[in-house]
1. Are there trypsin sites (Lys or Arg not before Pro) in region 577-678 that DSSP puts in a loop and that have at most 11 other Cβ atoms within 10 Å, and which ones?
2. In square nanometres and to one decimal, what's the mean projected area of the convex hull around the Cα atoms of region 528-678?
3. Kindly provide the Kirkwood hydrodynamic radius of region 241-298 in Å, to one decimal, from all pairs of distinct alpha carbon atoms.
4. So what's the projected area for region 87-169, the Cα convex hull averaged over all directions, in nm²?
5. Using bins 10 angstrom wide from zero, how does P(r) for region 271-362 break down, in % of all Cα pairs?
6. Looking only at Cα atoms, what is the convex hull volume of the chain per residue, in Å³?
7. Before rounding to the nearest 500, sum -39500 (n - 2.57) across all DSSP H runs of length at least 4 in the chain and divide by the residue total; then give [θ] at 222 nm in deg cm²/dmol.
8. Towards the positive end of the charge dipole of the chain, with charges on Cβ (+1 Lys, Arg; -1 Asp, Glu), say which of Thr392, Gly418, Tyr98 has the farthest Cα.
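None of the figures in this text is laboratory data; all of them are computed from the coordinates on show. These figures come from a predicted structure and were not determined experimentally. A quick note on method: Cβ atoms are made from the backbone with ideal geometry, for glycine too, and the neighbour counts reach across all protein chains shown.
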Amino acid sequence: MLRRIFSALALGAGLCLAACNQPPAETALIEREELFGNPERNQARISPDGSQISWLAPRDGVMNIYVAPANDLGAAQPITQATDRPIRFHNWSADSRYIIYTNDTNGDENFLLYAVDPRSGESRSFAPSRTPARTNILATSSRRPNIVLVGVNDRDPRAYDIYAVDLTAGTRTIVYRNVEGFQNFAFDNDLNVRIAYEDAPGGGGRYMRRDGNRWVEFQRIAAEDGMTTNAIGFNAAGDSVYMLTSVGRERAALTSVNLATGQSTLIGENARADVGNVMIHPTTFEVLAYSANYLRNEWTGVDQAVGADLTYLREQLNGDIAILSQTSDNQTWIVNVNSATASPSMHRFDRNGRTLTKLFDQRPSLADDTLAEMHPVEIPSRDGLTLVSYLTLPPSADANNDGRADAPVPLVLNVHGGPWGRDVYGFNAQSQWFANRGYATLQVNFRASTGFGKAFVNAGDMQWAGNMHNDLLDAINWAVENGVTTADKVAIFGGSYGGYATLVGLTFTPDTFACGVDLVGPSNLVTLIESFPPYWAPQLEGQWYPRMGDPRTPAGREAMMARSPITRVSDIRRPLLIAQGANDPRVNKGESDQIVAAMQERNIPVTYLLYPDEGHGFARPENNTSYHAVAEAFLAGCLGGRFESIGDAFTGSSVQVVTGAEHVPGLAEAQTPAQAPN
């Protein structure tokens, strides 16, 4: 049982200068399909009884679930029949009888739960009582192996009620009607609702424990700890809850808190980073190990034998490791290995005898390509913070692979989303794509990024287009000062918050970037927050208003508009590419529509791609590939790098070129009449 913490968004004009050391002609272009098309196989899982292994793989071009005997992967058979929307997540039920997964419709994130019997191929879906509604998988347990707890907002779109889904009987039974509007729950190992969390106005909140039929306050969480504290599970006796908490310390540590006395016992911590992932025994529910990620992901064993096995894996495998699944007896693990210079690979580790067997590479064709190393770097901000960042250089610009550029090259500042998320070391398709095309890539964990302690994440409060953007500018200055690039050859690129950062870069600092690529980025903070899906409403008072702004007051609204790119459209003077999923529930299509309309009203060039069957990013590989085809041609126009022509990259894609095809080489020729603007 692994508990992961997710927090609750003209070529001629750009010819490369002599100082831009491009890859030699004999370095082959890595085809987009290798990086952004379907992986050959992905996401291996072992059944709890150890008899079967499953994974995701294409079936007629669409990702589906395959199952094989654990000792005969060649006998794998597909057990699902998705024909349009790919399956992106799956797991086994605790009794090894079913595989469960969720999927949505065209990116609307109204997920539906499915269960498939691998023996018969029979599939069931568990529909809500009304639509639209969203189903979230919350918990499973070896003590109730045929039950899945789910949260469904079909009674009230703002709140998730808790249901027990019986996979054997095919029924759904109400467990808890969430009339209080709690945001999060924790369940004991008998799948009883034991802990609930509610936000407080201004930030922070309180944890409540279940006492009979009433809720009693268990722990009050200050605003400073709201993003770095979370209840994640229970011990076997059910009298103590495991928590990741920064209360009384700077970085989130792993603790066990006795429900009766409130006494907290430290299990583990890291001096530089928050504890992130926790490994728990599937049947004894003891904590076995935990990880923390500062520059790289590091595991620490709590159980001595598990710690020794993790050390063995680090010695045998080249890259950061993650334990994806375990058998019920914890004797067999599925291990993912993630290195910057190779496709991620899946391995089976049998702890008895320490037998390590490679199952597959996600993208084996990359073995024939030259991939670039990713170098962790620490960049100082102007006000004294340390920005953990990752630099990827084209191999030709770093002959000895020491992470120092031999000569300046164009740079893409690739900004992560969230903003409450982070960039990490490992294989990154976009970083390899940029390096292969002749660009350095810099990924910056700006303030508000998670994993670096509460002071760092809280330093981003109310700093959208403020110090969060200054961190990006400081990183660019660092890159220029260290000879990575030149000031006139930097593009900004990103999705979600990264898309917002792109728009901020081109409006608030219009002379800094050569061009920008925005995917599903908000342009207006007021309309963004007012268009959030109803199930985010309980988070507004405790998270969004104190961290981004409160549009309910005139002063708050004015401040948010002052940090919105839509108010500075007239300042845009560098090329901009925008892409949007039409069904995005997080960043509504109106965010892209309004800035494109404002630019058109001012006769400012812009290229706008719309995907009618996508939401907050891309699920379908045809759409992902078409987007990157346009993006690399666009970047070549302003940075001067190499690119694979768009060619037939629109085949099978739903992309619609709303406006601006003339600004990207080959775009007008690639689109069909159905993809062209009306």
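1. Working: sites: Arg586, Lys589, Arg602, Arg642; in loops: Arg586, Arg602, Arg642.
Loop-located and lightly packed - Arg602.
2. Numbers: hull surface 41.5 nm².
So the Cα hull casts an average projection of 10.4 nm².
3. Numbers: mean 1/r = 0.0837 Å⁻¹.
12.0 Å is the Kirkwood radius here.
4. On the way: hull surface 21.9 nm².
So the Cα hull casts an average projection of 5.5 nm².
5. Cα pair-distance distribution for region 271-362, in percent: 16, 52, 29, 3.
6. Values: hull volume 103.4 nm³, N = 678.
Per-residue hull volume (Cα only) is 152 Å³.
7. About -5000 deg cm²/dmol.
8. Tyr98
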